[in-house]
1. Can you tell me which of 13-23, 60-70 comes out highest on packing, and rank the rest after it, using the mean Cβ neighbours within 10 Å?
2. Name the lysines eligible as straight-distance cross-link partners of LYS170: C-alpha to C-alpha under 26 Å, and not fewer than 8 places from it in the same chain.
3. Which residue, chosen from ALA145, ILE68, GLN163, occupies the Cα position most advanced towards the positive end of the dipole of the stretch 31-171, where the dipole is computed from +1 (Lys, Arg) and -1 (Asp, Glu) charges on Cβ about the Cα centre?
4. Check each of the trypsin sites (Lys or Arg not before Pro) in the stretch 218-276 and keep only those in coil by DSSP with at most 14 other C-beta atoms within 10 angstrom; list them in order.
5. Would you mind computing the Rg to Rh ratio of the stretch 145-184 from its alpha-carbon coordinates, Kirkwood style for Rh?
6. Can you give the Rg and Dmax of the chain based on its C-alpha atoms, in angstrom?
7. Against the 2.2 N^0.38 Å scaling, with N counting residues, where does the stretch 4-99 land? I'd like the Cα-based Rg ratio to two decimal places.
8. Only four residue types carry charge here, +1 at the Cβ of Lys and Arg and -1 at the Cβ of Asp and Glu. Report the dipole size of the chain about the Cα centre in Debye, rounded to the nearest 20.
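Values quoted throughout were computed directly from the atomic coordinates according to the rules given, and no laboratory measurement underlies them. Please read these numbers as outputs of a predicted model, since none were measured by experiment. FYI the Cβ positions are ideal-geometry reconstructions off the backbone, even for glycines, and counts take in every protein chain you see.
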Amino acid sequence: AAGVNGAPAPFDKGGVKVALVSYISAGDFFQAYQAGAEAQAKALDIDLRVFPGRQDAAAQREQILQAINLGVSAIVIDHGLPESLGDVVQQALDKGIKVVAFDVNLNNPRIPQVEQSDHELADLALKQVVKENGDSFKAGYVYVAGFAPLDRRNEVWDAFKKQNAGVVEKARFGNVSDTTATSTADQAKAALAANPDISVVFAPYDEFARGVKLAATDLGIADKLKIYSADVSTADIQEITEPGSPWVATVATNPAVVGAVSIRAAALQVAGQEVPHQITVKPTLLTQEGLRAANVQTIEELAKKVPAFSASDAVTASWIPDKLF
Ligand code: SR1
């Protein structure tokens with residue numbers, strides 16, 4: 001290991017071991033998040049050990065114990081079920097291992113929490129819904145409880161319905177698994193067929209939106225539906241901008257940037273430097289119209305046009321290279 005010039009110990013020598021333990025690995029968001037974490041780790045000469053998620057709480061616990069036994073200096077926990085993580089996370093902290101949580105509420109003042117400002121994300125999406133559909137329509141809503149980002153977005157949806165009596169939620173469905181999009185598509189097909197008056201679907205996770213789009217296309221109702229989501233990837237941009245797509249807007253960060261931020265939060269703690277408890281990467285509204293007009297076809301092109309998609313100023317330091325994308 002060569003170390004990083006000008007970095008404080010132990011990064012001056014390089015080879016600091018850090019673990020990334022995910023709950024979910026399938027799907028564009030999680031793959032890009034991991035790629036961003038790997039890029040930031042490489043730039044810091046960190047020896048990153050990646051434990052792939054299998055949507056399995058017991059496996060995630062076991063992986064955290066494995067990371068502790070490997071002698072890592074820090075663990076980044078990416079999603080998960082808080083109730084099954086508390087004791088193993090405490091074991092890590094007791095051994096002096098630094099912990100960072102992304103999108104899982106570990107409710108510990110010693111653990112920085114990374115998130116994408118989910119309230120603002122949902123709020124931006126729903127403002128766009130009203131701009132394009134008014135405040136009176138029949139809606140479908142895709143939600144699975146128990147995932148911190150989805151629960152936060154749900155708080156905004158609940159408040160939105162209270163404030164807009166003309167918005168009627170006719171159907172609620174959703175599934176999170178290693179086949180989220182296709183399982184959600186099956187549920188969406190049944191819900192949309194049973195409720196032909198639904199004109200708007202709020203699907204605040206790109207795999208959900210992909211599933212609803214698939215269902216709408218299969219049912220031949222893509223021209224009667226508008227889908228609003230969270231997240232973005234190159235595949236999402238292609239699905240949003242293709243002719244006749246019902247997926248009309250998304251509110252997103254670059255997940256690779258969020259992955260990089262998570263590793264920086266771990267590195268700063270290992271170097272003994274201050275890290276805020278709440279670390280936020282702010283999302284941006286991307287509309288079908290805007291993406292088409294700018295002729296953006298990939299996340300790399302988006303990063304060239306929208307600065308927030310190439311870097312975040314969250315948890316930076318002079319010794320940490322942070323222009324990675
Ligand atoms: C199952 S939770 C899925 C969400 O996690 C991340 O916050 C992404 O934004 C995605 O929407």
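1. Details: 13-23: 21.9, 60-70: 17.8.
So the order, starting with the most tightly packed, is 13-23, 60-70.
2. Within the straight-line cut-off, LYS170 pairs with LYS127, LYS131, LYS138, LYS161, LYS162, LYS189, LYS213, LYS224, LYS226.
3. Among ALA145, ILE68, GLN163, the one farthest towards the positive end of the dipole of the stretch 31-171 is GLN163.
4. On the way: sites: LYS224, LYS226, ARG264; in loops: none.
Filter output for the stretch 218-276: empty list.
5. 1.05
6. 20.2, 63
7. Numbers: Rg = 13.5 Å, N = 96, 2.2 N^0.38 = 12.5 Å.
Cα Rg divided by the expected 2.2 N^0.38 Å: 1.08.
8. Values: 29 positive and 39 negative charges, 43 e Å.
Roughly 200 debye for the chain.
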